[in-house]
Amino acid sequence: MSPLLLKEELTDLKEITLVYDPRTADIQITARSSVQQRLWDLFDLDTVQKALTGHNPSTQHKAKP
């Protein structure tokens, strides 16, 4: 895969914040294509995601009052 195509595939990934009320939000990554998922696994982006955002996909985040 060329560096340009690799960049295009990974650039399409977005982090979104779902706000349910003023004190509750959930951070998620947009759905990944099969190619994006393979790159995600190859580059171990779960580790990078957690290090940068503190994101844990199994929990909701409470906003500070």
> Full extension from VAL35 to THR47: what is 0.36 nm times the residue separation minus their Cα-Cα distance, to one decimal in nm?
Replying inline: 2.5 nm
> So what's the net charge close to GLU9: Lys and Arg +1, Asp and Glu -1, counting the other residues with Cβ under 11 Å from its Cβ?
Replying inline: +1
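None of the figures in this text is laboratory data; all of them are computed from the coordinates on show. The shown structure was predicted, so the numbers you read here are calculated from the model rather than taken from an experiment. Counting neighbours? That spans all protein chains shown, and the Cβs are built from the backbone with ideal geometry, glycine included.
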